[in-house]
1. Only residues that are more than 16 Å from the chain's Cα centre (by Cα) and assigned to a strand (DSSP E or B): list them for segment 171-191, please.
2. Any residue at all in segment 217-233 that is over 16 Å from the mean Cα position of the chain (by Cα), on the phi < 0 side of the Ramachandran plot and without any contact (Cβ under 8 Å) to a residue 24 or more places away in the chain?
3. Considering segment 144-177 alone, what residues qualify as being touching a strand residue (DSSP E or B) at 6+ places or on another chain (Cβ under 8 Å) and either of a type outside the set (A, V, I, L, M, F, W, C) or open to solvent by 40 Å² or more (accessible area, probe 1.4 Å) (or both)?
4. Restricting the first residue to segment 98-115 and requiring it to be within 15 Å of ALA31 (Cβ to Cβ) and open to solvent by less than 10 Å² (accessible area, probe 1.4 Å), which pairs with a second residue that is of a type in the set (Phe, Trp, Tyr) and assigned to a helix (DSSP H, G or I) meet a Cβ separation below 7 Å and a spacing of at least six or different chains?
5. Filter segment 133-143 down to residues that are surrounded by 15 or more Cβ atoms within 10 Å (Cβ to Cβ) and farther than 20 Å from ALA67 by Cα and give me whichever is modelled with the lowest pLDDT.
6. Of everything in segment 129-139, what is touching a Ser or Thr at 6+ places or on another chain (Cβ under 9 Å) and either β-branched (Val, Ile, Thr) or touching a residue at least 60 places away in the same chain (Cβ under 8 Å) (or both)? Give them in sequence order.
7. So, in segment 34-62, exactly how many residues are surrounded by fewer than 18 Cβ atoms within 10 Å (Cβ to Cβ) and touching a residue at least 60 places away in the same chain (Cβ under 8 Å)?
8. Tally time: how many residues in segment 24-33 are part of a helix (DSSP H, G or I), open to solvent by 20 Å² or more (accessible area, probe 1.4 Å) and either among the hydrophobic types (A, V, I, L, M, F, W, C) or under 20 Å from GLN252 (Cβ atoms) (or both)?
Amino acid sequence: MKRPVVGVIGNAYRIENRFATQMVGERNLRAVAEVSGALPLMFAGCPDITDIGALLDTVDGVVLTGARANVHPTRFGTEPDPRHEPYDIKRDDLALALSEACVARGVPLFGICRGLQEMNVAFGGSLHPEIRELPGRMNHRMPRLENGEIHPDPKVIFADRHEVSLVPGGAFAQILKCESIRVNSLHGQGILEPGKRVVIEGVAEDGTIEAIRIADAPGFALGVQWHAEYDPQRNPINRALFEAFGEALVAQKR
C-alpha cells in the first residue's frame, strides 16, 4: 500500500515585504513524514487557491499547524485590536470550513496551536487574544531575554513549561496511556469558550484548555495547544500523538 498523504496548511508570508508566499515550518513536515509515516503535501491557506473538495479527494488527512497570526476576532463576535495583529484572514476562511469538512467526511484532522484554536472557532467557540491577561493565568508565550528579545536557544523556547491534566479514559489518556503530561508553551491566544462539539480533554494547571476532541467525529479529530511538531522524533508524548494520527491515516486510506 502506498504511503498516506497528509495535507499541511500554509500560512501567508511576505518576503522582503513584497512577495506574497505560503510558508510551512519544516518541523511539521518532518513530523508527518518521520513519525506518522505519511507523505506531507503543503497546500495554500487561501480559499481562492485551494478547493476543499478537491483537497479532501486527494489527501488522507490534514494538519492545521501553528502560526504567528491570530484567528481574526470577528470570527467569534469580537472587535479586532491592533495589539493582537497579525491576522491571516484567508487562512481563517479556509481552515474553519476545512475543519468542518474533515469532521463531516471522517478525514483525520490534527490541529496544533493555532490549529486547535481554528477547530474550536469552526464549531462555534471563542478565543481570548491574551490568555495571560485573564485572572489566575500564567504567561503561555515563548521565553524572552531580559531585553525583550526572543530567547536564541530553541531548546529553551520549546522546553516543557507546565503540566496538562488529561480526562481519565478520554482519547488523549488512551493514546498517551497516562493522565498527566508536561508540554511546551508558545501561544498568546487560547480558547475562551469551547464550541458546541468541542470536548475538553486536557487542561493546564492554570485552567487553560490544552487538548480537545470533536464530539461524535467519525475519524481522528484532535487538537493540542502546545507545539507537538517540535520533537516527536524524541519526545514520547508527541511521538504517540503523531503515531496515532498515522494509524488513523492508514485506516482512512483503506
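The values are calculated or read from the model by the stated rules, or taken from the named source; none is laboratory data. Bear in mind the structure is a predicted one, so any value in this text is a computation, not a measurement. With ideal geometry, Cβ positions are generated from the backbone for all residues, glycine too; neighbour counts draw on all protein chains shown. Side chains included, ligands, DNA and RNA excluded: accessible areas come from the protein's heavy atoms. Shrake-Rupley method; radii C 1.70, N 1.55, O 1.52, S 1.80 Å.
1. Let us first name the residues in segment 171-191 that are more than 16 Å from the chain's Cα centre (by Cα), namely 171, 173-182.
The answer is SER180, ILE181, ARG182.
2. The first filter runs over segment 217-233 and keeps only residues over 16 Å from the mean Cα position of the chain (by Cα), leaving 217-219, 233.
Of the ones still in play, those that are also on the phi < 0 side of the Ramachandran plot are 217-219, 233.
Still in the running and without any contact (Cβ under 8 Å) to a residue 24 or more places away in the chain: none.
Within segment 217-233, not a single residue is over 16 Å from the mean Cα position of the chain (by Cα), on the phi < 0 side of the Ramachandran plot and without any contact (Cβ under 8 Å) to a residue 24 or more places away in the chain.
3. Step one: of segment 144-177, the residues touching a strand residue (DSSP E or B) at 6+ places or on another chain (Cβ under 8 Å) are 144, 150-151, 157, 160-167, 170-173, 176.
Hits for segment 144-177 are ARG144, ILE150, HIS151, ASP160, ARG161, HIS162, GLU163, SER165, VAL167, GLY170.
4. PRO108/PHE245; PHE110/PHE245
5. Step by step, filter segment 133-143, then rank; the result is ARG137.
6. Kept after step one, since they are touching a Ser or Thr at 6+ places or on another chain (Cβ under 9 Å), are these residues of segment 129-139: 129, 131, 134, 137-139.
Within segment 129-139, PRO129, ILE131, ARG137, MET138 meet the criteria.
7. 2
8. So the first thing to find is which residues in segment 24-33 are part of a helix (DSSP H, G or I), and the list is 26-33.
Next, from what is left, pick out any that are open to solvent by 20 Å² or more (accessible area, probe 1.4 Å): 26-27, 29-30, 33.
Applying the additional criterion that residues be either among the hydrophobic types (A, V, I, L, M, F, W, C) or under 20 Å from GLN252 (Cβ atoms) (or both) yields 29, 33.
Qualifying residue count, segment 24-33: 2.
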